[in-house]
Structures are given as structure tokens and as C-alpha cells.
Amino acid sequence: MDYSGLDAEDWHYFEEAYLGEYPTLEAYAERIIDDMGWQQEVDAHLPESLKPYAKIDADAMGEDLRLSGEIYVIESDSGIYVFNSRI
């Protein structure tokens with residue numbers, strides 16, 4: 001039984017929009033930061049003495065993605081489901 005309400009030909013929208021399940025919004029943002037290599041880019045351009053103080057705020061980034069409408073979040077029993085809102 002299908003509870004999604006989607007017609008069979010529309011399932012590709014779900015598959016394209018679904019970005020995964022994560023324990024928290026911060027964990028999702030950390031995944032993006034890691035996948036894109038952004039922290040490594042920051043570290044590559046800083047002197048050693050500043051590297052411990054320059055970290056991307058994954059919590060704020062995740063919340064900004066949600067508030068801007070880039071992603072849509074649904075709570076699950078074990079965390080959150082994340083979807084691309086632009087699809």
C-alpha cells in the first residue's frame with residue numbers, strides 16, 4: 001500500500017528531492033561542509049595559529065538552509081528526513 005499520495009510517474013520527484021536521514025540538522029550541514037571540502041579550504045588559507053578558532057558553524061548553516069527554503073525537514077523517529085525544496 002502506498003501512503004505517499006504520489007502517482008507512480010511522480011516518484012522521481014521524491015527520489016530527486018530526498019537528501020537523506022540525519023540525526024540532526026547540524027549533522028546534515030556537517031556532511032555538506034565535509035563533502036564540499038569547505039573547512040579544508042578555510043584551513044588552507046589561515047596561519048596555523050588561527051586554525052583552531054576558524055570553524056564553520058554547521059548548526060547555524062543548517063538552520064539558515066532550512067529558514068531560506070533551500071531544504072525541507074521532516075522529523076523522524078531517529079532524527080530528520082531532509083529534502084531539497086527546489087525540486
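Which of the numbered conditions does Arg31 fail, given that it passes all the others? Conditions: (1) within 22 Å of Phe14 (Cα to Cα); (2) touching a Leu at 6+ places or on another chain (Cβ under 8 Å). With respect to (1) within 22 Å of Phe14 (Cα to Cα); (2) touching a Leu at 6+ places or on another chain (Cβ under 8 Å), Arg31 is out only on (2).
Within the stretch 54-76, can you find the residues that are touching a strand residue (DSSP E or B) at 6+ places or on another chain (Cβ under 7 Å), more than 8 Å from Ala29 (Cβ to Cβ) and surrounded by 13 or more Cβ atoms within 10 Å (Cβ to Cβ)?
Within the stretch 54-76, Arg66, Ile71, Tyr72, Val73 qualify.
Sub-8 Å Cβ pairs linking a first residue in the stretch 22-49 that is in contact (Cβ under 8 Å) with a residue 24 or more places away in the chain to a second residue that is outside any helix (DSSP H, G or I) and open to solvent by 70 Å² or more (accessible area, probe 1.4 Å), at least 6 apart or interchain, are Pro23/Ser78, ordered by first then second residue.
The values are calculated or read from the model by the stated rules, or taken from the named source; none is laboratory data. What you are looking at is a predicted structure, and each value in this text was computed from that prediction instead of being measured. Ideal geometry is used to build each Cβ from the backbone, glycine not excepted, and the neighbour counts take in all protein chains shown. Note: accessible area is taken over every heavy atom of the protein model, side chains too, but ligands, DNA and RNA are not part of it. Shrake-Rupley method; radii C 1.70, N 1.55, O 1.52, S 1.80 Å.
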